[in-house]
C-alpha cells in the first residue's frame, strides 16, 4: 500500500466518524429540546431564595455562585438585554467560551436545556429555565463606538462595564472573553446578515442559569448594539440568586446530548 | 457562495519574507503597519487559525464579536475589517480567492476535542497547544487566547442556528491577503484537527508571504 493510499484511508475513516457525530448532534439529540418555560412556571420557593437585587439600566453587577446555585435574570419590562461573562472562581484563567459553546452543541441557538462551556471543556452554567429562547452568542455587547454610532454620543456600554467589573476582581482587558447576551433576538438570514427580531422580546422574560462550578459572573445591563431602540432601550433588570433542586440523574441539561454528558463528566471530576 | 473574491497580482519575487509552515505547526511574525501577509493554502482544504495582537500593547487584540458587530454579518471575506477589543481596525482583508472564512468556531483544543469527539481524542495535537507555544515567545499565555479567525474554514450558520464545520471550500493555492493597519503580532496555527472536515481530514502545509508595499 502506498503512503498516499494510507493517508486517504485514514482521512476516510476520520470522515465517517465525523458524519456519525454530526448526525447525532444535529438530528438525534439524546432527547428532544424542551419547550420554553411558560411565563408563570418555575416559581422560586421562599426558602430557596438567597438574594434579589435590581441592576439599573446601563449598569453592571458581579455575582459569585457556588456550584449548584442558580441565577435568575428577569427582564421585567421586556426592553433590556443582559450580557454575561464569567470565570471559574479557583482558577480564573478558565472562563466562558462562546466558540466552544456553539461548536460543541452544533448550534448557535442557545435555549433551555443547553449549556455554556468554559475553554477547558467543562460546563460553566446550564440553562435550566428559559421563557425567551432568544439569546446572542455571536456579536456581543455594546461598546463606546457602538453607542456613539447609535446615539450620537458615548453612553454607558457593556465593554466599559466589563473593564470596570474585571478591574475590581484584579483582572484586566486580556481576561475579558466574548460574551453571551440574554434577551437579544439576533437572527441570521441566508446571506449571513444579522437582524434584530423585536417580536421575540416580552416583559417578564427570564432565564435560570445553574452554576456547574464555583464561579464569578459579571452581568452588564446595556441595550444590545443591534437593538433599534439604541442605548436608551435599556431598562432595570432583576437578578435573583437561589437554590434550585439538585440535579437528578435524568437532569435535562446533563443528558441532552452525548457532548453535554461528556462535558459534565469532565466538570464533575473537578469536585470528585 | 455570494461573496466576492479577488486575486491580487503580487510578484513573489518582490516579497520581503516567505516561509512554508509544516502541517500541524504554529508560526508568528510582527507585521508592520502597511505590510501585507498572504496565507496560501498550498494543497487545499486546510484551515489556518489566526490571532492578532497590537505590538505596542498586546492587551489590545483581535475581537471576533467586535468584528462581526461592525460588519453586520457573520463571515470573514474580502474587505472585512479586523477590529480590536478597543474598536480599532487592526487589519483589512485585501485579497481573497477562497470567499468565506470563519470567526465564530474558535480553535480546537485537547479539552474541547475530548468533549466533542470523545476521550480518545484528548491526546491529539491541537491549535490551542500551538497558540500557547507561539504566544510564549511574546510573554503571552492562555489568558491571551481569544476567539480567533479561521481562514479557509467553512462554518455555515443557518437561520435556525445550526452550526456545522463543513467541507473546506478552498482549492490548492487559494490565498487570502491581510494588510496591517497598525503594527501587529500575527500568530498562526496550521490546524492539526483530524476529527472534522476543516482540513479534509488530512492536515497539509501552508505558505506565508509578506510584502512591504501595498499592491499596485
*In degrees between 0 and 90, to the nearest 10, how far off the longest principal axis of chain A does helix A:258-268 point, with axes built from Cα atoms?*
70
*Can you tell me the order of A:220-229, A:31-40 when each peptide is scored by its average per-residue count of other Cβ atoms within 10 angstrom, highest first?*
A:220-229, A:31-40
_Taking the square root of 5 times each eigenvalue of the Cα gyration tensor, what semi-axes in Å does the equivalent ellipsoid of the range B:102-178 have, largest first?_
23, 19, 13
_Relative exposure of B:89, A:216, judged by other C-beta atoms within 10 Å (fewest first)_ = B:89, A:216
*Take every Cα pair under 8 Å in the range B:1-144 that's 6+ residues apart, average their separations, divide by the length, and report that relative contact order as a whole percent.*
23
*Any chance you could list the semi-axes, whole Å, largest first, of the equivalent ellipsoid that the Cα gyration tensor gives for the range B:1-145, using √(5λ)?*
25, 19, 18
*asked:* With angles folded into 0 to 90 degrees, how steeply does helix A:158-167 sit against the dominant principal axis of chain A? Use alpha carbons for both and round to 10.
replied: 90
*Thinking of the range B:148-216 as a set of Cα atoms, what percent of all their pairs are more than 21 Å apart?*
39
*With the Cα gyration tensor of the protein assembly as shown in hand, convert its eigenvalues to equivalent ellipsoid semi-axes via √(5λ) and list them largest first in whole Å.*
36, 26, 20
_Residues B:123, B:75, B:17, B:62, sorted so that the one with the fewest Cβ neighbours within 10 Å comes first_ = B:123, B:17, B:75, B:62
*D_trans [Stokes-Einstein, Kirkwood Rh over alpha-carbon pairs] for chain A, 20 °C, 1.002 mPa s, µm² s⁻¹*: 110
*Could you work out how far helix A:3-26 tilts from the main Cα principal axis of chain A, as a 0 to 90 degree angle to the nearest 10?*
40
*Before anything else, pin down the relative contact order of chain A: Cα pairs under 8 Å, at least 6 apart, normalised by residue count, whole percent.*
34
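Readers should treat all values here as calculations from the given coordinates under stated rules, not as data from a laboratory. For clarity, every value in this text was computed on a predicted model and none was experimentally measured. Methodologically, a virtual Cβ is constructed for each residue, glycine included, from the backbone with ideal geometry; neighbour enumeration extends over all protein chains shown.
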